[in-house]
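J.: Sharing a structure below in structure tokens format, with a few things to ask.
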Amino acid sequence: NRNAKKASKVAFKIFASGPEHQSSMFAAELEQSIKKANERIVINHMYFQPTPAIMQALIEAAERGVKIKIITSG
């Protein structure tokens, strides 16, 4: 596509979790990112099960006028 643009700077993090982990670095990072959002939030996670803290952060973001889209399997 002639109009496609290449990303010159892309930031990403990788999180590993499992039953042996007492806390989730992914959940903590997601909560902080939601709290910082001021325009839009897009979450694409096949097994999205928000913690109470993440739900509260999403509610507060919506109250700030942040547009939220969550894509999940069900």
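J.: Taking the solvent-accessible surface of protein heavy atoms with a 1.4 Å probe, what is the per residue accessible area of the chain in Å²?
T.: Values: 6650 Å² over 74 residues.
Accessible area per residue, the chain: 90 Å².
J.: Assigning unit charges at the beta carbon (Lys, Arg +1; Asp, Glu -1) and nothing else, what dipole magnitude in debye, to the nearest 20, does the chain show about its Cα centre?
T.: Working: 11 positive and 6 negative charges, 136 e Å.
Roughly 660 debye for the chain.
J.: As an exercise, use a Förster radius of 35 Å and the Cβ-Cβ distance of residue 63 and residue 14 to find the FRET efficiency, rounded to the nearest 0.05. If you can, show how the numbers build up before the last one.
T.: Working: r = 31 Å, r/R0 = 0.89.
For R0 = 35 Å, the calculated efficiency reads 0.65.
J.: How big is the Rg/Rh ratio for the chain, C-alpha atoms only, Rh by Kirkwood, two decimals? Please report the intermediate quantities before stating the final value.
T.: Numbers: Rg = 14.7 Å, Rh = 14.2 Å.
In the chain, Rg relative to Rh is 1.03.
J.: Could you give the angle, 0 to 90 degrees to the nearest 10, between helix 25-36's Cα long axis and the longest principal axis of the Cα atoms of the chain?
T.: The angle comes out near 60 degrees.
J.: Using only Cα atoms, tell me the angle between helix 52-63 and the longest principal axis of the chain; keep it within 0 to 90° and round to the nearest 10.
T.: 50
J.: So for the chain, averaging the separation of alpha carbon pairs under 8 Å that are six or more residues apart and normalising by length, what relative contact order in percent results?
T.: Values: 58 pairs, mean separation 24.1, N = 74.
In percent, rounded to a whole number, it is 33.
J.: List, in the order given, every pair from 5/35; 13/35; 9/36; 6/36 whose Cα-Cα distance in the structure shown is over 24 Å.
T.: Values: 5/35 29 Å; 13/35 18 Å; 9/36 20 Å; 6/36 26 Å.
Cα-Cα > 24 Å for 5/35; 6/36; rest within.
J.: Can you give the helix-only mean residue ellipticity at 222 nm for the chain, where every DSSP H stretch with n ≥ 4 adds -39500 (n - 2.57) and the sum goes over all residues, rounded to the nearest 500 deg cm²/dmol? Don't jump to the answer; show the numbers that get you there.
T.: Values: 2 runs with 24 residues, N = 74.
For the chain, the value works out to -10000 deg cm²/dmol.
J.: Give me the number: length gained by fully extending residue 28 to residue 56, i.e. 0.36 nm times residue separation minus the C-alpha to C-alpha distance, one decimal in nm.
T.: Values: separation 28, 0.36 × 28 = 10.08 nm, distance 1.29 nm.
Result: 8.8 nm gained on full extension.
J.: State the percentage of accessible surface on the chain attributable to carbon and sulfur atoms; use a 1.4 Å probe and exclude ligands, DNA and RNA. Please list the in-between numbers first.
T.: Values: 3520 of 6650 Å².
Percent of accessible area from carbon and sulfur atoms in the chain: 53.
J.: Shifting gears a bit: Mind checking which of 57, 42, 26 is farthest towards the positive end of the chain's charge dipole, using Cβ charges of +1 (Lys, Arg) and -1 (Asp, Glu) about the Cα centre?
T.: Highest projection toward the positive end goes to 42.
J.: Put a dot 7 Å past each Cα toward the Cβ at residue 49 and residue 21; how far apart are the dots in nm?
T.: It works out to 1.4 nm between the two label points.
The values are calculated or read from the model by the stated rules, or taken from the named source; none is laboratory data. Since the model is a prediction, treat every value here as computed from it, not as a measurement. Methodologically, a virtual Cβ is constructed for each residue, glycine included, from the backbone with ideal geometry; neighbour enumeration extends over all protein chains shown. Quick note on the areas: whole protein, heavy atoms, side chains included, nothing else; ligands and nucleic acids left out. Shrake-Rupley method; radii C 1.70, N 1.55, O 1.52, S 1.80 Å.
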